[in-house]
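Read through the structure below, which is laid out as structure tokens, and then see the notes.
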Amino acid sequence: MNQFYIILILAAFGLVFWLLRGKQWARQLLLLDFVRGLKVTLPYFFKPKITVQFPEEHTPISPRFRGMLALRRYPNGEERCIACKLCEAVCPALAITIEAQEREDGQRRTTRFDIDAFKCIHCGLCEEACPVDSIVLTSNMHYTMRKRGENIMTKEKLLAIGEAYESEIAACREVDKDER
Amino acid sequence: MTEQVLTVKIDGKTLSCKPGQSIIEVADQNGIFIPRFCYHKSLSVVASCRMCLVEVERAPKALPACATPVADGMVIKSQSKIARQAQKAVMEFLLINHPLDCPICDQGGECELQDLSMGYGQSESSFYQSKRAVKDEDLGPLIATNMTRCIHCTRCVRFGREIAGTPELGAVGRGGHMEIGTFLKQGVQSEVSGNMIDLCPVGALTSKPFKYQGRSWGFGSHSHMSAHDCLGSHLSVHTQVTNVGKEQRLMRVLPKESHHVNGTWLSDRDRFSYTANEQNRILKPMFKKQGNWIEVSWQEALTLAAKKLSELKMGQGQLLLSPSVSTEEGYMAMKLAVHLGLETCFSMLKQDLKDQFSGVGVSQITMHDVKQAKNIVMIGSNPKVHQPILGLAIRQAQLAGAKVEHLTASGLTLNYQATQLIAHPRLWVNHLLSHAQSQNIAFEGIKSVNTEVGWGQVDLWVLGEGVLMHPQGSEIRSLVSQMVQATGAKLLILTEGSNTAGLSIVAKELDVNLSDRPYLQKIGIHSEAIWLHQTHPEFDIPFNETIYHQLKKSFVVATSSFWSDQMKEYADLVLPIASHYETSGTQVNVMGHVQSYQAALMPLGESRPAWKVFKVLGQLLGKTDFSEIEALSDIQQLMKLSVLSHAGYDYKVDQLRPANQVSLLNISAKHPMACDAQVRHAEPLQNTMDQLRVRISEQTLQSLDIHSRKTVVLFSGAFSEVLLDISHDIADGCIEFVGDYRELAGSWLQEIELGNGA
């Protein structure tokens, strides 16, 4: 008997739903959208939390992350850049300016290596073009310029960034070496 | 006889060609590309690189396209499997020993090997042994070497042997041990050595001044003209626009192909003079106040110049004009000079212009005429040094069988075979007269002389710098031009400066009398103001203490691009003028070609194109017709340069002036590497000069009672003790300076005093 009533009630509900289908006021009255939304959010209530305390904590980033640029050195301290100007040529934003000259020992070296950080679009084409893995994009994305002119990253600044991040840069390249 | 026409088929295209042509020539004419390294259209064929191998039907194997003459009905496939396979194999062999240093190679981006390896190279080599390395050689201040990169195409060797006539480079060894180098380790001395840089398909020979300076892909190219010889080679000037600030820089100069002047070649002087463009430039208008130079604004400087010049009485000032400035500049300057009553002089070495010689020869002559000439007589000319491009043309004529004779005061080192008649300059007119007699040509009122000159039927006369500076220059020009008219020969009169012809033509139009100015005595003696335009008198005219003191005494306005050390002492007001490469204008070369050029880059600093400065100065001086001039084209319309009828030469000498008698005559011409301010500031060119020596004959030394044999003491000029070079092929009574004698400019045909040295 009970079963009969249950079926009847369900059928009555079904009939009412069928009759009210597409009716906006009925959806609102029955909180159908609310139920549908909860279906997405409710599971997160039970999942583990990933919020980090930002300045102190960081989310992990890919070894291929393209942040601030840097110039690397060889382990013996010699700068890698040989002033081939391929990065300058490939840069779609014309952000790189290079001037080269012969160093006293006869090697081809830059006398000026400027990157305009405002022009740079972090596309990473310079890194791809570099034949000696000199110019790289580091994971550093938190940098600020407070004065006009600070956006020009000179050779000294870029080499300093490279020195500061060298271990990390080398590690990222080690992870990714098979894909290169 | 009608010329035979052959029909060949290359890559399915049916082409007609002439017998004797090679496959690669026919392909080039029809726009079919066949890869090559050793082949060059201006050089002989050696077929050593094998890159141009193509398949020819019914031939057992692939044939080199550069060395295979076409035959009628030949079917050639440059893209077939056999051809591609052969080309790929050759490329693999070439890359065996070629280093992979493209990123640091200056040729990178414009390298023929790099380009072709993209099309024919393989990414892997089957050669695993170590690559060879070759020791570099120092080829002098112009050419940088990296011989490890050499692929032994021998283009440089063939250029030296065939075009320049100075076989300084050669190949030593065979096969993998072959090396290109100078046998004697003396470097490359050729005056056209820079062309080897262009010819080298790889980065083995590169430009030393341009070393590591830039990349070819970043340059803008501008057509321009050279301004250091009277032929005016065509240039391609490369400038770079940097990403920061949009500043332009002059990066390098390459030849631009022109059939009527320089072909594909360029002299080193024209190629490397660009290095001076940023050296010692005047960047701001400057005024000397109580011995100190202070910067002033253009407005102040021009007002001051106008005030000083307008105070002059007629005929109390002089304009000293460089013969290498553009015609427009010269026109404006001369117009101003006429307005102010200034005398106008060309800043050249002493010249005898009694005949109103305008710089353009009697008959309009072309480079083709020079190459086709059969019997060339050159009087007082050393084309190899002073007009290198003409030297190459004369060499070509000589190789084609022409007889070349030189009338000179000292033996010349030439790059072609020639007979040299060495005679004291005062005897040159006599030699001409005796030649005229042997050819049965008589001159009115002039007695002929009998000496032996076996020149025969001459069809090209070239009068060089020796005649230009000869005290009897008018006589020589007149006699030769009369002989030319009598025999129908051609005449080429070379001038100093690149635009003497154009400036003389406008001078005639403006009724400015440039003729007969022995300004050695006259310059500035009564001048209260002297206006120097692109001129440094201490280098450009016969200079001595008197002139220096006169310059210091007068108010000197210098409109110039470059400083000179002495200018800081004698000038009172300097206006910075755009350099040659920053100027647009028109040049008329000695063959009568009117050629215009556009500025390749913006003027450096606050310098301005000269015609604009003269326009404003003219307006300040109340010259009303200058206000109508808005652009360079307005000046060009005003001066009607197309009228070359002025070029005619009809001076007839009626009596010979006696040649001046001096005991020891300096016969050295103005140094080719000191010909104008631009060249004087080009460091690489200055470094090509050897140590100063004097050439003199044994008899002359004895007659002067000098017994030293190593050095002599020089009493005139800036030097004291100089090395002695006792030579037997220099006329008695003459002295010649060799090497670095820039400081002695202007002592041509002057008396020199010598004393005993070591």
message = Name the residue that is modelled with the lowest pLDDT, counting only residues in segment B:229-262 that are of a type in the set (Gly, Ala, Ser) and assigned to a strand (DSSP E or B).
response = B:SER258
task = Examine segment A:85-92 for a residue that is at the interface with chain B (Cβ under 9 Å from one of its Cβ atoms) and either acidic (Asp, Glu) or on the phi > 0 side of the Ramachandran plot (or both), and state whether such a residue exists.
result = yes
inquiry  = Give me the helices (runs of 4 or more DSSP H) completely within segment B:660-719, filtered to those with at least 2 residues that are at pLDDT below 85 and touching a His at 6+ places or on another chain (Cβ under 7 Å), ordered by residue number.
reply    = none
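With the condition kept exactly as written, say whether any residue in segment B:374-384 is surrounded by fewer than 19 Cβ atoms within 10 Å (Cβ to Cβ) and without any contact (Cβ under 8 Å) to a residue 60 or more places away in the chain. Spell out the reasoning first.
Here is the first cut: in segment B:374-384, the ones surrounded by fewer than 19 Cβ atoms within 10 Å (Cβ to Cβ) are B:374-375.
From what is left, the residues that are without any contact (Cβ under 8 Å) to a residue 60 or more places away in the chain are none.
Checking segment B:374-384: not a single residue is surrounded by fewer than 19 Cβ atoms within 10 Å (Cβ to Cβ) and without any contact (Cβ under 8 Å) to a residue 60 or more places away in the chain.
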task = Examine segment B:360-372 for a residue that is surrounded by fewer than 24 Cβ atoms within 10 Å (Cβ to Cβ), of a type in the set (Ser, Thr, Tyr), touching a residue at least 60 places away in the same chain (Cβ under 8 Å) and not in a loop (DSSP other than H, G, I, E, B), and state whether such a residue exists.
result = no
task = Look through B:MET348, B:MET332 and report the one residue that is aliphatic (A, V, I, L, M) and either free of Cβ contacts under 8 Å to residues at least 60 places away in the same chain or outside any loop (DSSP other than H, G, I, E, B) (or both).
result = B:MET332
note = Of the residues in segment A:67-78 that are surrounded by 19 or more Cβ atoms within 10 Å (Cβ to Cβ) and either among the acidic types (Asp, Glu) or part of a loop (DSSP other than H, G, I, E, B) (or both), the one that is nearest to the other protein chains (Cβ to nearest Cβ) is A:ARG72
query = Are any of the residues in segment B:113-132 more than 15 Å from B:PRO201 (Cα to Cα) and within 14 Å of chain A (Cβ to nearest Cβ)?
reply = no
ask   = Within segment A:130-150, restricting attention to residues that are within 13 Å of another protein chain (Cβ to nearest Cβ) and surrounded by 16 or more Cβ atoms within 10 Å (Cβ to Cβ), which residue is farthest from A:ALA70 (Cα to Cα)?
value = A:CYS130
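Evaluate the following for B:CYS150: is it under 24 Å from B:GLU110 (Cα atoms), buried (at least 23 other Cβ atoms within 10 Å of the Cβ) and more than 14 Å from chain A (Cβ to nearest Cβ)?
Values: under 24 Å from B:GLU110 (Cα atoms): yes; buried (at least 23 other Cβ atoms within 10 Å of the Cβ): yes; more than 14 Å from chain A (Cβ to nearest Cβ): yes.
So B:CYS150 passes the test.
I'm checking my understanding of the structure. Among residues of segment B:51-108 that are hydroxyl-bearing (Ser, Thr, Tyr) and touching a residue at least 40 places away in the same chain (Cβ under 8 Å), which one is farthest from the other protein chains (Cβ to nearest Cβ)? Talk me through it step by step, then tell me what you get.
Within segment B:51-108, the subset hydroxyl-bearing (Ser, Thr, Tyr) is B:68, B:78, B:80.
Now restrict to residues that are touching a residue at least 40 places away in the same chain (Cβ under 8 Å): B:68, B:78.
Numbers: B:THR68: 39, B:SER78: 31 Å.
It comes out as B:THR68.
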query = Does segment A:91-112 hold any residues that are part of a loop (DSSP other than H, G, I, E, B) and touching a helix residue (DSSP H, G or I) at 6+ places or on another chain (Cβ under 9 Å), and which are they?
reply = A:CYS91, A:PRO92, A:LEU94, A:ALA95, A:GLN107
task = With respect to A:ILE115, determine if the residue is within 12 Å of another protein chain (Cβ to nearest Cβ) and either part of a helix (DSSP H, G or I) or in contact with a Ser or Thr (Cβ under 9 Å, 6 or more places away or on another chain) (or both).
result = yes
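Kindly indicate the residue of segment B:266-284 that is more than 20 Å from B:GLN213 (Cβ to Cβ) and surrounded by fewer than 24 Cβ atoms within 10 Å (Cβ to Cβ) and also nearest to the chain's Cα centre (by Cα) among those meeting that condition.
B:ILE282
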request  = Evaluate the following for A:ILE98: is it surrounded by 15 or more Cβ atoms within 10 Å (Cβ to Cβ), free of Cβ contacts under 8 Å to residues at least 60 places away in the same chain and within 14 Å of chain B (Cβ to nearest Cβ)?
outcome  = yes
query = Here are some residues: B:ILE547, B:ILE635. Which one is in contact with a helix residue (DSSP H, G or I) (Cβ under 6 Å, 6 or more places away or on another chain) and either assigned to a helix (DSSP H, G or I) or among the acidic types (Asp, Glu) (or both)?
reply = B:ILE635
task = For segment A:101-112, name all the residues that are more than 7 Å from every other protein chain (Cβ to nearest Cβ) and either buried (at least 16 other Cβ atoms within 10 Å of the Cβ) or of a type in the set (Phe, Trp, Tyr) (or both).
result = A:ARG109, A:THR110
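What do you reckon, is B:GLY341 at pLDDT below 85 and touching a strand residue (DSSP E or B) at 6+ places or on another chain (Cβ under 9 Å)?
Working: at pLDDT below 85: yes; touching a strand residue (DSSP E or B) at 6+ places or on another chain (Cβ under 9 Å): yes.
When the stated conditions are applied, B:GLY341 passes them.
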request  = With the condition kept exactly as written, say whether any residue in segment A:46-55 is away from chain B (no Cβ under 12 Å), touching a residue at least 40 places away in the same chain (Cβ under 8 Å) and closer than 20 Å to A:ALA164 by Cα.
outcome  = no
task = Read through the list (1) surrounded by 19 or more Cβ atoms within 10 Å (Cβ to Cβ); (2) in a helix (DSSP H, G or I), then give the number of the only condition that B:ASP28 fails.
result = (1)
request  = Taking B:PRO209 as meeting all but one of (1) touching a residue at least 40 places away in the same chain (Cβ under 8 Å); (2) within 14 Å of chain A (Cβ to nearest Cβ); (3) closer than 29 Å to B:SER324 by Cα; (4) not in a loop (DSSP other than H, G, I, E, B), write down the number of the exception.
outcome  = (4)
key: Whichever residue in segment A:118-148 is in a loop (DSSP other than H, G, I, E, B) and among the charged types (D, E, K, R) and, among such residues, is nearest to the chain's Cα centre (by Cα)   = A:LYS119
query = Has segment A:154-163 got any residue that is surrounded by 12 or more Cβ atoms within 10 Å (Cβ to Cβ) and within 14 Å of another protein chain (Cβ to nearest Cβ)?
reply = yes
ask   = Taking into account only those residues within segment B:163-197 that are touching a residue at least 60 places away in the same chain (Cβ under 8 Å) and outside any loop (DSSP other than H, G, I, E, B), which is surrounded by the fewest Cβ atoms within 10 Å (Cβ to Cβ)?
value = B:GLY176
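Scan segment B:213-231 and tell me whether some residue there is out of contact with any Cys (no Cβ under 9 Å at 6 or more places or on another chain), within 14 Å of chain A (Cβ to nearest Cβ) and closer than 21 Å to B:PRO141 by Cβ. Spell out the reasoning first.
Here is the first cut: in segment B:213-231, the ones out of contact with any Cys (no Cβ under 9 Å at 6 or more places or on another chain) are B:213-214, B:216-227, B:230-231.
With the extra rule that they be within 14 Å of chain A (Cβ to nearest Cβ), the set shrinks to B:213-214, B:216-219.
Checking the rest, the ones that are also closer than 21 Å to B:PRO141 by Cβ come to B:213-214.
Checked against the condition, which is being out of contact with any Cys (no Cβ under 9 Å at 6 or more places or on another chain), within 14 Å of chain A (Cβ to nearest Cβ) and closer than 21 Å to B:PRO141 by Cβ, segment B:213-231 yields at least one hit.
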note = Of all strands (runs of 3 or more DSSP E) fully inside segment B:374-429, the set with 1 or more residues that are in contact with a helix residue (DSSP H, G or I) (Cβ under 6 Å, 6 or more places away or on another chain) is B:375-379, B:403-408
remark   = A:GLU127 meets each of (1) within 12 Å of another protein chain (Cβ to nearest Cβ); (2) within 18 Å of A:TYR74 (Cβ to Cβ); (3) surrounded by 13 or more Cβ atoms within 10 Å (Cβ to Cβ) with one exception, condition (1)
task = Examine segment A:53-76 for a residue that is at pLDDT below 85, charged (D, E, K, R) and at negative phi, and state whether such a residue exists.
result = no
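The values are calculated or read from the model by the stated rules, or taken from the named source; none is laboratory data. Computed from a predicted model, the values in this text were never measured in an experiment. For neighbour counting, all protein chains shown are included, and Cβ atoms are generated from backbone atoms with ideal geometry for every residue, glycine included.
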